[in-house]
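The values are calculated or read from the model by the stated rules, or taken from the named source; none is laboratory data. In this text, all values refer to a predicted model and were calculated from it rather than measured experimentally. Every residue, glycine as well, gets a Cβ built from its backbone with ideal geometry; the counts of neighbours run over all protein chains shown. Accessible surface areas use protein heavy atoms only, side chains included; no ligands, DNA or RNA. Shrake-Rupley method; radii C 1.70, N 1.55, O 1.52, S 1.80 Å.
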Amino acid sequence: MLALRTPTLPPAAHTNVYLVGPDGGPVAVVDPGSPYPDQQAALDAVLGEIGGLALVLLTHHHGDHTGGAAALAARWGVPIAAHPATARRLTGRVEVTRLVEDGDVVHGATAVFTPGHADGHLCFEVGAATIAGDMVAGLGTILIDPSEGDMALYLASLERLLARPPAVLLPAHGPAIPDGPAKLREYLAHRRMREDRVAAALPAPGAGATIDDLVARAYSDTPRALWPLAERSLRAHLDKLVREGRAREVAGRWST
Ligand SMILES: [Zn+2]
């Protein structure tokens with residue numbers, strides 16, 4: 001693994017690039033996200049030492065995971081592999097030349113479809129470890145932004161990973177997570193706690209509450225500086241509650 005500097009969500013400042021493959025043979029590179037020439041040169045130097053590059057694999061379409069993909073694939077003349085939904089999202093930016101579906105084995109890594117943070121998100125199982133993309137973070141947190149994310153799908157994908165428990169989770173940001181199941185249970189418990197707080201913050205039908213009201217109530221334990229991000233996560237929770245018939249929205253005001 002190399003941590004390459006990327007334009008990503010603070011406090012993270014790097015995206016981990018995982019190199020998967022046999023000793024001495026060409027490797028698959030997962031999520032070469034850095035657009036910076038010095039970081040790309042560092043990756044090239046390592047690849048040159050360890051036997052070259054076979055293909056580029058992408059967990060999802062976000063720029064901090066894909067910013068170096070096209071240049072890397074072009075330099076080494078290798079394909080770029082990703083889920084079809086990721087390929088669609090990247091149209092015009094990165095040309096995905098090999099489509100990967102749930103269960104496919106690519107260069108020794110088994111793809112596990114885990115939508116939610118992004119609609120085409122894949123994790124990759126390698127032995128007892130799982131390359132987790134943005135399902136969990138070793139540093140900072142995972143944002144479910146309703147413009148692209150879906151809280152219900154994200155929770156289902158966390159459950160899916162927990163049902164095939166990885167010994168070790170290898171996140172895109174921060175250090176490896178040695179007890180994978182414990183981290184997945186922690187994430188599930190935290191999101192369910194937040195959903196309960198959002199549901200409890202909803203007033204009875206009537207005047208309703210604004211997003212600002214609901215952030216203040218449901219995220220009172222979160223520093224105010226993070227409320228703009230919290231608001232996006234709140235909207236993802238509200239979308240889920242509305243679909244489940246537990247919340248309703250009228251002209252930007254929410255109630256039970
Ligand atoms: Zn992401």
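Return the residue satisfying two criteria in turn: it lies in segment 41-74 and is acidic (Asp, Glu) and over 24 Å from Gly149 (Cα atoms), and of such residues it is farthest from the ligand (Cβ to nearest atom). Show your work before the answer.
Let us first name the residues in segment 41-74 that are acidic (Asp, Glu), namely 44, 49, 64.
With the extra rule that they be over 24 Å from Gly149 (Cα atoms), the set shrinks to 44, 49.
On the way: Asp44: 24, Glu49: 29 Å.
Here the answer is Glu49.
Just wondering, is there one or more residues in segment 114-136 that are over 24 Å from Pro178 (Cα atoms), surrounded by fewer than 22 Cβ atoms within 10 Å (Cβ to Cβ) and away from the ligand (no atom under 13 Å from the Cβ)?
Step one: of segment 114-136, the residues over 24 Å from Pro178 (Cα atoms) are 118-120.
The next check asks that each one be surrounded by fewer than 22 Cβ atoms within 10 Å (Cβ to Cβ); those that pass are 119.
Okay, now just the ones that are also away from the ligand (no atom under 13 Å from the Cβ), so none.
Taking every residue of segment 114-136 in turn, none turns out to be over 24 Å from Pro178 (Cα atoms), surrounded by fewer than 22 Cβ atoms within 10 Å (Cβ to Cβ) and away from the ligand (no atom under 13 Å from the Cβ).
What is the number of the single condition among (1) open to solvent by 30 Å² or more (accessible area, probe 1.4 Å); (2) among the hydrophobic types (A, V, I, L, M, F, W, C); (3) in contact with a helix residue (DSSP H, G or I) (Cβ under 7 Å, 6 or more places away or on another chain) that Leu234 does not meet?
Leu234 satisfies all of (1) open to solvent by 30 Å² or more (accessible area, probe 1.4 Å); (2) among the hydrophobic types (A, V, I, L, M, F, W, C); (3) in contact with a helix residue (DSSP H, G or I) (Cβ under 7 Å, 6 or more places away or on another chain) except (1).
From the list Arg197, Arg224, pick out the single residue that is buried (at least 16 other Cβ atoms within 10 Å of the Cβ) and not assigned by TED's automatic domain parsing to the domain that holds Ala129. Walk me through how you get there before you give the answer.
Details: Arg224 fails: buried (at least 16 other Cβ atoms within 10 Å of the Cβ).
None of the others qualify; the one that does is Arg197.
In contact (Cβ under 8 Å) with a residue 12 or more places away in the chain, open to solvent by 20 Å² or more (accessible area, probe 1.4 Å), touching a strand residue (DSSP E or B) at 6+ places or on another chain (Cβ under 8 Å) and not basic (Lys, Arg): is that true of His107 in this structure?
On the way: in contact (Cβ under 8 Å) with a residue 12 or more places away in the chain: yes; open to solvent by 20 Å² or more (accessible area, probe 1.4 Å): yes; touching a strand residue (DSSP E or B) at 6+ places or on another chain (Cβ under 8 Å): yes; not basic (Lys, Arg): yes.
For His107, the condition - in contact (Cβ under 8 Å) with a residue 12 or more places away in the chain, open to solvent by 20 Å² or more (accessible area, probe 1.4 Å), touching a strand residue (DSSP E or B) at 6+ places or on another chain (Cβ under 8 Å) and not basic (Lys, Arg) - is met.
Select from segment 137-174 the residues that are of a type in the set (Asp, Glu) and within 15 Å of the ligand (Cβ to nearest atom) and list them in ascending order. First the steps, then the outcome.
Looking only at segment 137-174, we keep the residues that are of a type in the set (Asp, Glu), and these are 145, 148, 150, 159.
Selection gives Asp145, Glu148, Asp150.
Keeping to segment 17-34, report how many residues are in a loop (DSSP other than H, G, I, E, B) and modelled with pLDDT of 95 or more.
Residues flagged as in a loop (DSSP other than H, G, I, E, B) and modelled with pLDDT of 95 or more within segment 17-34 amount to 5.
Would you tally the residues in segment 1-16 being of a type in the set (Val, Ile, Thr) and more than 20 Å from Val46 (Cβ to Cβ)?
Initially, segment 1-16 is screened for residues of a type in the set (Val, Ile, Thr), giving 6, 8, 15.
If we keep only those that are more than 20 Å from Val46 (Cβ to Cβ) too, we end up with 8.
Adding up the residues that qualify gives 1.
Just to be sure I understand, how many residues within segment 68-91 are crowded, with 19+ Cβ neighbours inside 10 Å and either in contact with a Lys or Arg (Cβ under 9 Å, 6 or more places away or on another chain) or aliphatic (A, V, I, L, M) (or both)? Full working, then the answer.
Here is the first cut: in segment 68-91, the ones crowded, with 19+ Cβ neighbours inside 10 Å are 68-69, 72-73, 78, 80-83, 86-87, 89-90.
Still in the list and also either in contact with a Lys or Arg (Cβ under 9 Å, 6 or more places away or on another chain) or aliphatic (A, V, I, L, M) (or both): 69, 72-73, 78, 80-82, 87, 90.
Residues meeting the conditions: 9.
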